[in-house]
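This report refers to the structure that appears directly beneath it.
The values are calculated or read from the model by the stated rules, or taken from the named source; none is laboratory data. Quick caveat: nothing in here was measured; it's all calculated off a predicted structure. So basically every Cβ, Gly included, is an ideal-geometry build from the backbone, and we count neighbours across all protein chains shown. Heads up: the accessible areas ignore ligands, DNA and RNA and are worked out on the full protein's heavy atoms, side chains in. Shrake-Rupley method; radii C 1.70, N 1.55, O 1.52, S 1.80 Å.
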Amino acid sequence: MKRFDIQSGAVFGAKMYIGGRWTSGASNEVVEVENPANEQVIATTPLGTEEDAVHAVDAAKMAQIAWAKVPAVQRGRIVRKLGELIAERNEELARLITSEQGKPLDQARGEAGATAEFLFHAADNARRIEGDILVSDNPNEEIHIRRHPYGVVVGLTAWNYPAALATRKLGPALVAGNGFVLLAHEITPLSGLYIASLAEQAGVPPGLFNVITGRGPVVGQALVQHPDTAMITMTGSNRAGREIFKAGAEGMKVLRLELGGKAPFIVLEDANIDKAVEAAMVARYTNCGQICTCNERMYLHKDIADEFLEKFVAKSAALKIGDPMQGPDMGPKVSGPEVDKVASIVNAAIAEGAEVLLEGGPLSGGDYAKGHWIAPTVLEVKNNASVVVQNEVFGPVVPAIRVDDFDHALAMANDTRFGLSAYVFTENHRRIMQTPYALKFGEIYVNRANGEQVHAFHNGWGQSGLGGEDGQYGFDGYLRKQSLYLNWE
């Protein structure tokens with residue numbers, strides 16, 4: 001059986017990839033990987049240890065020394081080759097993603113495509129590593145601003161997009177000349193390991209790219225605190241981000257943290273209501289609502305709120321929920337604890353006085369006897385301080401609040417500790433131009449659903465993170481600057 005063959009139904013044992021070798025690690029203990037649609041164990045992966053983390057960083061450090069001397073355009077060719085191999089195997093990777101994470105297969109195909117696109121764009125940046133020459137105040141002297149790789153970069157990824165998040169970080173790190181260690185999330189580790197298997201074929205030097213599996217509090221902590229880890233790029237929860245921030249503080253690590261979001265979805269009285277409803281559906285229910293940029297709270301102008309909610313609730317109730325391999329609108333949540341978390345937030349909101357417009361909640365019995373299923377819930381809320389308005393749900397639940405005007409909507413939207421994404425629907429050009437000045441978020445979608453592009457820039461404000469990913473700005477973050485005072489007297 002192939003290492004990543006999941007079609008036979010047999011449980012296979014995957015291994016970590018460290019120093020160019022596949023290994024079971026130091027502990028010989030394993031973590032089971034579950035299919036969230038049926039709770040079947042589809043694979044086991046090693047339970048990584050601190051010792052494994054040390055080996056991974058050491059391997060990346062040794063390989064990076066030679067890699068940094070390779071011309072950037074050659075580094076880019078290897079990264080592009082990896083992207084081509086992934087693109088050729090889109091269907092295989094997509095089925096793996098669906099099996100371990102639960103998103104519908106068509107959405108997994110989209111993720112597999114993005115997994116390759118992140119590498120293609122990173123490869124294009126190989127010719128964009130630029131510096132500056134400044135005029136000095138001194139005679140016979142120039143000041144050169146140069147860019148260099150950091151050394152070893154550690155990537156910590158979330159379970160909602162296990163393949164795309166990996167290459168989003170891996171591509172620019174390698175093209176910039178860094179070594180890379182990926183901690184694949186324990187719930188969805190197979191996608192990262194699959195990418196590692198293709199990296200061998202693409203010609204990535206042994207040790208340059210390592211994938212370790214295990215639990216964040218043990219392995220992640222060891223990776224972050226290793227003295228040779230220069231930079232940490234992490235996508236995950238706000239809580240996890242704070243822990244990484246603390247762990248990296250003593251060693252003054254460079255941090256790029258893409259954390260949670262609580263995106264406001266503002267619909268004003270002059271908006272195209274049907275277009276806004278469709279976008280709200282996409283932005284709330286894609287990947288079962290498990291996207292950091294999701295529509296997490298809706299602010300609806302009082303004049304159109306009834307019409308919008310009537311249409312939105314009807315479409316939400318009509319969503320097909322089922323086997324993600326069979327083309328549903330929505331698949332399962334990734335795990336049982338995630339279902340419980342979402343249900344607890346809904347119960348707390350109802351206790352606070354929220355009105356239930358669509359009662360969804362956990363599903364069980366029949367087709368839902370096995371798996372982690374939850375149906376959409378739509379609430380109408382009057383208090384902007386409600387738990388469902390202020391805390392990230394990360395599931396198919398959305399509160400709606402009526403607002404009097406644009407200023408009222410902006411004030412409510414900005415009343416949050418998060419600052420990742422926001423949405424505004426209006427046909428008024430003046431309001432559109434005011435939006436980027438008024439909303440305190442790093443990414444704003446005007447008259448469209450979510451979905452960032454590889455050549456743009458994805459970053460959060462406030463407690464939604466530090467740094468950012470994608471495009472030229474994101475790529476620059478994987479390089480550090482050096483000032484050279486060149487005097488020839």
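Points to keep in mind about this one:
- C-alpha center-to-center spacing [region 118-187, region 304-339] in angstrom: 38 Å
- Rolling a 1.4 angstrom probe over the protein heavy atoms with all chains in place gives the chain an accessible area of 41 Å² per residue.
- Glu84 paired with Ala351, simple spin-label distance in nm, labels 7 Å along Cα-to-beta-carbon: 5.8 nm
- Partner aspartates and glutamates whose Cα lies under 19 Å from the Cα of Lys253, excluding those fewer than 8 positions away in the same chain, are identified as Glu50, Asp58, Asp228, Glu243, Glu469, Asp476.
- For region 442-489, with all protein chains in place and a probe radius of 1.4 Å, 53% of the accessible heavy-atom surface sits on carbon or sulfur.
- Evaluating 6.51 cos²θ - 1.76 cosθ + 1.60 at θ = phi - 60° for every residue in region 297-313, the Karplus couplings come out as 6, 10, 10, 10, 4, 4, 6, 10, 4, 4, 4, 4, 5, 4, 6, 5, 5 Hz, glycine and proline recorded as x.
- Rounded tilt (10° steps) of 50-67 against the dominant C-alpha axis of the chain: 60 degrees
- Rel. contact order, % - alpha carbon contacts under 8 angstrom, at least six apart, region 364-489: 17 percent
- 12 Å cut-off, amide nitrogen to a point 7 angstrom out along Arg21 Cα→Cβ, residues in region 201-215: 207
- Among the listed pairs Lys262/Lys320; Lys81/Lys275; Lys81/Lys246; Lys169/Lys275, those whose Cα-Cα separation exceeds 28 Å are Lys81/Lys275; Lys81/Lys246; Lys169/Lys275.
- Gap separating the Cα centres of region 37-106 and region 341-361, nearest whole Å: 38 Å
- Anisotropy class of region 80-211 from Cα gyration tensor, a/c 1.5 cut: prolate
- The loop-placed GluC sites (Glu not before Pro) in region 232-271, going by DSSP, that have at most 12 neighbouring Cβ atoms within 10 Å of their Cβ come out as Glu250.
- Seen against the Cα atoms of the chain and their longest principal axis, helix 105-124 is set at about 40 degrees.
- Distance between modelled label sites at Glu39 and Ser364, nm, 7 Å Cα→Cβ extension: 0.9 nm
- Spatial separation of Cα centroids for region 390-443 and region 241-298, in angstrom: 11 Å
- Selection from Pro149, Gly322, Ala122 lying farthest towards where the dipole of the chain points positive, charges on Cβ: Pro149
- Estimated inter-spin distance, Asn28 and Asn487, nm [label 7 Å along Cα→Cβ]: 6.3 nm
- Residues of region 72-111 with an amide N closer than 19 Å to a point placed 7 Å from the Cα of Lys320 along the Cα-to-Cβ direction: 95, 98-99, 102-110.
- Residue (of Gln201, Ser344, Ala87) at the positive-pole extreme of the chain, dipole from beta-carbon charges: Gln201
- Loop-located GluC sites (Glu not before Pro) in region 422-481 (DSSP state other than H, G, I, E, B) with a sparse environment of at most 13 neighbouring Cβ atoms within 10 Å: Glu427.
- In a DSSP loop and with at most 12 other Cβ atoms within 10 Å, the trypsin sites (Lys or Arg not before Pro) in region 30-117 are Lys69.
- Average Cα contact separation per residue, the chain, under 8 Å, 6 or more apart, as relative contact order %: 18 percent
- One quarter of the convex hull surface built on the alpha carbon atoms of region 63-146 amounts to 8.4 nm², the projected area averaged over directions.
- The angle between the Cα long axis of helix 164-175 and the longest principal axis of the Cα atoms of the chain comes to about 30 degrees, rounded to the nearest 10.
- Computed as a quarter of the hull surface, the mean projected area of the alpha carbon convex hull for region 311-460 stands at 10.7 nm².
- At full extension, Gln201 and Glu278 could sit 23.5 nm farther apart than now, given 0.36 nm per residue minus the alpha carbon distance.
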